[in-house]
Amino acid sequence: MSGKPELWLVRHGETEWSRDHRHTGSRTDLPLTAAGEQAARAMSGRLAQTAYDLVLTSPLRRARDTARLAGFPAAEVEPDAREWDYGDYEGITTAEIRKARPGWTVWAGGAEGGEDAAAVGERADRVVERVRRCAPERALLFAHGHLLRVLAARWIDRPAAEGALYRLDTGSVSVLGWERETPTITRWNC
């Protein structure tokens, strides 16, 4: 399996803003809610049954806390795994943004004063390359909804904006892998 590791993805537990559907990007470092902490602890048994060559986390507190509570306090901070920079839309819901920009989506319109899908895709590509280079068998990454959706799209060599098609819940686990030489989404949103 050399050069073809699995990449396990963990979306952080619930925060107040994720619960309320507010865009929570790289500028706001919110803690997990009690439910988010509970979900992170509940992951520990499932994740502990598997060995990982490389364990990474976003630098943001909600991902680092999820890693710690899930049993991976020594997860290495990976700066490129931070969430989408929502710029002027940080803390605002899609419905509120659409009052000024009807039909807007972050996937097609990007975020004023922040990033667009292509910029997030460039960061995701660096994470994918690092995993494929440094993890002989399996890596584990604790990060964020939109970033992980982009990363999954880039793993299978699809445009970053295709991440719009992959719903991802808080506290979920997904696995990226291979079918022979073809990168695949092996499990999603489990």
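The values are calculated or read from the model by the stated rules, or taken from the named source; none is laboratory data. Worth saying up front: this structure is predicted, and the values here are computed from it rather than measured. Note that we place each Cβ from the backbone using ideal geometry, even for glycine, and neighbour counts take in every protein chain shown.
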- Message: Condition first: hydrophobic (A, V, I, L, M, F, W, C), surrounded by fewer than 20 Cβ atoms within 10 Å (Cβ to Cβ) and assigned to a loop (DSSP other than H, G, I, E, B). Now tell me which residues in the stretch 42-60 satisfy that.
- Response: A51
- Of the conditions (1) without any contact (Cβ under 8 Å) to a residue 12 or more places away in the chain; (2) of a type outside the set (D, E); (3) buried (at least 20 other Cβ atoms within 10 Å of the Cβ), R180 fails just one. Which one is it? (3)
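Provide a single number: the residues in the stretch 9-34 that are part of a strand (DSSP E or B) and either among the hydrophobic types (A, V, I, L, M, F, W, C) or surrounded by 22 or more Cβ atoms within 10 Å (Cβ to Cβ) (or both).
Initially, the stretch 9-34 is screened for residues part of a strand (DSSP E or B), giving 9-11, 15, 22, 32.
If we keep only those that are either among the hydrophobic types (A, V, I, L, M, F, W, C) or surrounded by 22 or more Cβ atoms within 10 Å (Cβ to Cβ) (or both) as well, we get 9-11, 15, 32.
The number of residues fulfilling the criteria is 5.
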- Please indicate, with yes or no, whether at least one residue in the stretch 177-188 is of a type in the set (V, I, T), in contact with a strand residue (DSSP E or B) (Cβ under 8 Å, 6 or more places away or on another chain) and in a helix (DSSP H, G or I). no
- Selected residue (only one of A63, A74 is within 16 Å of L148 (Cα to Cα), outside any strand (DSSP E or B), modelled with pLDDT of 95 or more and of a type in the set (G, A, S)): A63
- What number of residues in the stretch 144-159 are assigned to a helix (DSSP H, G or I) and in contact with a Leu (Cβ under 9 Å, 6 or more places away or on another chain)? 8
- Query: So which of E16, E76, E96 is within 26 Å of E137 (Cβ to Cβ), free of Cβ contacts under 8 Å to residues at least 40 places away in the same chain and of a type in the set (D, E, K, R)?
  - Reply: E76
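Of these, G171, G163, G110, G121, which one is in contact with a Ser or Thr (Cβ under 9 Å, 6 or more places away or on another chain) and crowded, with 16+ Cβ neighbours inside 10 Å? Please lay out each step first, then the result.
Details: G163 fails: in contact with a Ser or Thr (Cβ under 9 Å, 6 or more places away or on another chain); G110 fails: in contact with a Ser or Thr (Cβ under 9 Å, 6 or more places away or on another chain); G121 fails: in contact with a Ser or Thr (Cβ under 9 Å, 6 or more places away or on another chain).
Checking each option against the conditions leaves just G171.
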- Item | Candidates G163, G91, filtered to the one that is of a type outside the set (D, E), part of a loop (DSSP other than H, G, I, E, B), in contact (Cβ under 8 Å) with a residue 24 or more places away in the chain and under 25 Å from T28 (Cα atoms) | G91
- Query: When the stretch 141-160 is examined, which residues are found to be out of contact with any Ser or Thr (no Cβ under 8 Å at 6 or more places or on another chain) and either of a type in the set (K, R) or within 28 Å of R61 (Cβ to Cβ) (or both)?
  - Reply: H146, R149, V150, L151, A153, R154, W155, R158, A160
- Message: I'm told E37 meets every condition in (1) without any contact (Cβ under 8 Å) to a residue 40 or more places away in the chain; (2) in contact with a strand residue (DSSP E or B) (Cβ under 6 Å, 6 or more places away or on another chain); (3) assigned to a helix (DSSP H, G or I) except one. Can you identify the failing condition by its number?
- Response: (2)
